[in-house]
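Novice: Input: one structure, supplied below.
The values are calculated or read from the model by the stated rules, or taken from the named source; none is laboratory data. Every value quoted in this text rests on a predicted model; they were computed, and no experiment measured them. We place every Cβ from the backbone using ideal geometry, glycine too, and count neighbours over all the protein chains shown.
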Amino acid sequence: MKNSTIVTVVLGIAIVVLYLLHFMGNNSGAVHNRAVNTSTENSVSIAYVKMDSVLFTYELAKKLTSNLQVNQESFKKEYSVKRLKFDKEAAAFQEKVQKGGFLTEERAKLEQERLVGQQQEIERLDVELTQKLNEMQRQINQQIIDSISSFLKSYNAVRKYDLILNSASMLEGTPRFNITKDVADGLNKRYKP
């Protein structure tokens, strides 16, 4: 709820600023580095970044996503192997029970308890692996956000934008305010594997 309020406020400010710039301050034609810069004190320079495009081209994001997929496949394989083994043992147990292959009822009950324990272990493994993947995803997201935020701070120290928006929260944007390519190129230049 708090995030949607912030997004709404930012969108409202951006719309008002764009409206004012379009109808009042854009006559001088003073566009500098894809942001509006007028000589009045109340001018606001705005830029936006298409984050999905940055994430598709940012080498760090691609590497971390690839590593996550490798781990996901590894976990999936580990789970599948154990699940398949259990399914075979459970089917063999069922067949043995139907054919009367156990000498005593107690022996059949012990085998059934062992299989129930094995099934619970597989279910715990599933939960554990899912939690590990979720934590890895969270860490990757945080690392990418930190990297982009750090870059934008240094980038903006030179450019001096008042607002740099994520285009995901915008409905429409003029291409001259789009700094996506600059950001993606800068991030990749700064990234050292």
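Novice: Hey, can you tell me all the residues within the range 87-143 that are within 16 Å of residue 71 (Cα to Cα), in contact (Cβ under 8 Å) with a residue 40 or more places away in the chain and of a type outside the set (Asp, Glu)?
Specialist: Kept after step one, since they are within 16 Å of residue 71 (Cα to Cα), are these residues of the range 87-143: 125-141.
Applying the additional criterion that residues be in contact (Cβ under 8 Å) with a residue 40 or more places away in the chain yields 125-126, 129, 132-133, 136-137, 140.
Of everything in the range 87-143, those that are within 16 Å of residue 71 (Cα to Cα), in contact (Cβ under 8 Å) with a residue 40 or more places away in the chain and of a type outside the set (Asp, Glu) turn out to be 125, 129, 132, 133, 136, 137, 140.
Novice: Another question about this same structure. Tell me which residues, restricted to the range 119-158, are surrounded by 12 or more Cβ atoms within 10 Å (Cβ to Cβ), more than 30 Å from residue 46 (Cβ to Cβ) and either hydroxyl-bearing (Ser, Thr, Tyr) or under 23 Å from the mean Cα position of the chain (by Cα) (or both).
Specialist: Scanning the range 119-158 gives 126, 128, 129, 130, 132, 133, 136, 137, 139.
Novice: Looking only at the range 53-72, which residues are surrounded by 15 or more Cβ atoms within 10 Å (Cβ to Cβ), hydrophobic (A, V, I, L, M, F, W, C) and under 22 Å from residue 180 (Cα atoms)?
Specialist: 54, 55, 60, 61, 64
Novice: Please tell me if residue 160 is under 18 Å from residue 59 (Cα atoms), basic (Lys, Arg) and either free of Cβ contacts under 8 Å to residues at least 24 places away in the same chain or touching a Ser or Thr at 6+ places or on another chain (Cβ under 7 Å) (or both).
Specialist: On the way: under 18 Å from residue 59 (Cα atoms): no; basic (Lys, Arg): yes; either free of Cβ contacts under 8 Å to residues at least 24 places away in the same chain or touching a Ser or Thr at 6+ places or on another chain (Cβ under 7 Å) (or both): yes.
Answer is no for this residue.
Novice: Let me ask something else. Give me the residue from the range 163-193 that is without any contact (Cβ under 8 Å) to a residue 12 or more places away in the chain and more than 15 Å from residue 47 (Cα to Cα) and, out of that set, surrounded by the most Cβ atoms within 10 Å (Cβ to Cβ).
Specialist: Among those that are without any contact (Cβ under 8 Å) to a residue 12 or more places away in the chain and more than 15 Å from residue 47 (Cα to Cα), it is 185.
Novice: Additional query: Taking the condition assigned to a helix (DSSP H, G or I), touching a helix residue (DSSP H, G or I) at 6+ places or on another chain (Cβ under 6 Å) and at negative phi, does residue 141 pass? Don't jump to the end; show me each part of the working.
Specialist: Numbers: assigned to a helix (DSSP H, G or I): yes; touching a helix residue (DSSP H, G or I) at 6+ places or on another chain (Cβ under 6 Å): no; at negative phi: yes.
The answer is no for residue 141.
Novice: Is there a residue in the range 92-115 that is modelled with pLDDT of 95 or more, loosely packed, with under 12 Cβ neighbours inside 10 Å and of a type in the set (A, V, I, L, M)?
Specialist: No, because not a single residue in the range 92-115 is modelled with pLDDT of 95 or more, loosely packed, with under 12 Cβ neighbours inside 10 Å and of a type in the set (A, V, I, L, M).
Novice: When both residues are 6+ apart or on different chains and their Cβ atoms are under 9 Å apart, which pairs have a first residue that lies in the range 57-77 and is free of Cβ contacts under 8 Å to residues at least 60 places away in the same chain, and a second that is part of a helix (DSSP H, G or I) and among the basic types (Lys, Arg)?
Specialist: That search, which allows pairs on different chains as well, returns 75/132.
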